[in-house]
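The values are calculated or read from the model by the stated rules, or taken from the named source; none is laboratory data. Owing to the predicted nature of the structure, the values given are computational and were not obtained by experimental measurement. Please note: Cβ atoms are built from the backbone with ideal geometry, for glycine as well, and neighbour counts cover all protein chains shown.
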Amino acid sequence: MSHSIAVAPRPEALAPEPPQPQPLPTPVPAPAPAAVAPAAPAAPAFVPMPPLRAAIYAGASVLLGLTQGLGLNLVSANLTGLQGALHATQVEINWLTAAYMATNITGTLFLYKVRTQFGLRRFAEIGLIIYALVTIAHLFTNDLRSAIAVRAVMGIAAAPLSTLAFYYMLEWLPPARKLTIGIAFGVLGGQLATPLARVISPDLLQIGDWHGLYLLEAGLAMMSLAVIFMLPITHPPRVKIFDREDFISFPLIAFGFGSIAVILSVGRLYWWMDAEWIGWLSVAGIAAVTLLVIIELHRARPIINLRWMFSYDMLTITGSLLLFRFLLSEQTLGAVGFFNMLGLQNDQLIPLFTLILAVTLVGYVFTALVMTPKNGPVLHFVALVLIAAGAWMDSHVTNLTRPEQFYVSQAMIAFAGALFLPPALMSGFARAIAGGPAYILSFLVVFLGTQSMGGVLASAILGTFQTIREKFHSSVIAEHLSLQDPLVAQRIKTYGAAFSKVLPDTALQNAEGVVQLGKAATQEANILAYQDVFLLIFYSTLACLVLLGLHTLYLPKRASRLAAAAKA
């Protein structure tokens, strides 16, 4: 799941309990009559929306989330189909995804500050107008360079959508439900976009080739813009938060995180040690991030509250988000990569991803109904067990495996993803709300980093591991392929006989048989490599179960120590 979202919920919108009116101050007696101090203004009471209007707001939230999610996934799920239209190689076409990811996280942080200082409505309208114009501009891009430039702009323009999806979901909910139903359904649209993109892509490509993808994006952008103009939401107070140091920090964020995103997206395709520019860009990106950390640690009003982020609670949340993002890549990289290697495309995978889409929806509904601040570890434990079981089942793949054999395992992993994300978000937001708006922005950095950067990091790690294991298995298989072996000679003859009608020469038939045998050996090596990938995820999940158990046992002891320290 590799889509980034920015959420900046205001403290009063996410409070777990309804606000209580402040008590009246006690008047101070005075010798002369004096006016009693006025009572502190009470927060406005929650007024329930009519059911139809509430449903419209909920639907608007899902629409905005789908618009943002499909903006990334429609392209990333059809990179092979876009190669011919843009005259690009298999490596070059991946720059479309790299450009989007490089600008999205920077745009999210920058636009959050714009929204906070200049207002939500103006922020949303300008962002969505740019998004709609950029999607329409996609229809006029006929070469790779212009398409990459458009995707880079689109990464910035799409930044407000997931934030708005949260706001529209929170708008109609009572305060007691904002941290449960609000968080679970606030990310629903973005999470449904990944399987939905693979379900609808074949029909879109048949309707208008690659223009069909961009027409849908443009239509969704127009609908989202209409939602913003027609459905008002509560505006958070404007706060002046820009200062001169931002003109130093934001370029460092853009260059540092953008460089890392590009390297992780295309590094394994150019191969890490073969392209000199990867090394220089890595050095420059790490230097920019290091300088950013030094500056932010010494700012009075930092963009990222690093000291709070390095606390035990936030390190735990960050680590769990990264680990689960890595484990859930079993679905996006493992299963999809395996079937693409076998030659299956999106049209053959429609039933599988339709099932994943339905299970994801059911999983988020279930999680919203059952999750509480106390049962988060239990839900995470169940999610880990489901991922481990699914990865173990998938590790038995062969060259005869087809999507039907993945129905159960991928349904389990999809349900596990729905069980994990909402409780983790609830825990992080509860801690951020206690600190105030600055801490909410810092938590957004954690969440965005683990979802956006964590997604490309997981893809880089698992993709590199699969390539290394494929080379290993290829060398082992090649050692056992000898022309002196009667079985090998018979297989070459069989492969060559298939070309007898077009190649009457026996020598040419044998040569073609050798080529076909090499392709079969490479495919078997790839299948063994994917078995190793699924086993890696299985063993990583078992390690996460151990870490979760140790963390759960440690929490009561830590709470006791903190309580004792507070009393002292």
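Points worth noting:
- Residue list for the stretch 301-338, restricted to those being among the aromatic types (Phe, Trp, Tyr), assigned to a helix (DSSP H, G or I) and surrounded by fewer than 21 Cβ atoms within 10 Å (Cβ to Cβ): TRP308, TYR312
- Filter result for the condition that a residue is under 27 Å from the mean Cα position of the chain (by Cα), among the hydrophobic types (A, V, I, L, M, F, W, C), in a helix (DSSP H, G or I) and more than 30 Å from HIS551 (Cα to Cα), over ILE295, ILE260: ILE260
- When residues in the stretch 340-368 are screened for being at pLDDT below 90 and farther than 17 Å from ALA197 by Cβ, 4 of them pass.
- Some residue of the stretch 389-397 being part of a loop (DSSP other than H, G, I, E, B), buried (at least 17 other Cβ atoms within 10 Å of the Cβ), in contact with a Leu (Cβ under 9 Å, 6 or more places away or on another chain) and hydroxyl-bearing (Ser, Thr, Tyr): yes
- Per-region count, the stretch 178-215, residues closer than 25 Å to LEU133 by Cβ and either under 23 Å from the mean Cα position of the chain (by Cα) or not charged (D, E, K, R) (or both): 17
- Condition met for LEU448 (within 23 Å of LEU384 (Cβ to Cβ), within 19 Å of the chain's Cα centre (by Cα) and modelled with pLDDT under 90): no
- So LEU355, is it among the aliphatic types (A, V, I, L, M), within 22 Å of GLY454 (Cα to Cα) and surrounded by fewer than 22 Cβ atoms within 10 Å (Cβ to Cβ): no
- For the stretch 328-370, the set of residues classified as closer than 15 Å to SER459 by Cα and touching a Gly at 6+ places or on another chain (Cβ under 9 Å) consists of LEU328, SER329, GLU330, GLN331, THR332, LEU333, GLY337, listed by residue number.
- Single condition GLN345 does not satisfy, out of (1) surrounded by fewer than 17 Cβ atoms within 10 Å (Cβ to Cβ); (2) free of Cβ contacts under 8 Å to residues at least 60 places away in the same chain: (2)
- Among the residues of this structure, ARG268 does not count as one that is more than 27 Å from ALA416 (Cα to Cα), outside any helix (DSSP H, G or I) and either among the basic types (Lys, Arg) or modelled with pLDDT of 80 or more (or both).
- Hits in the stretch 146-156 (condition: over 14 Å from ILE105 (Cβ atoms) and in contact with a Leu (Cβ under 8 Å, 6 or more places away or on another chain)): ALA147, ILE148, ARG151
- Put simply, of THR97, THR103, THR108 the only residue that is polar (S, T, N, Q), at pLDDT below 75, closer than 24 Å to SER259 by Cα and in a helix (DSSP H, G or I) is THR108.
- Only a single criterion out of (1) modelled with pLDDT of 80 or more; (2) not assigned by TED's automatic domain parsing to the domain that holds ILE317 is not satisfied by GLY549, namely (2).
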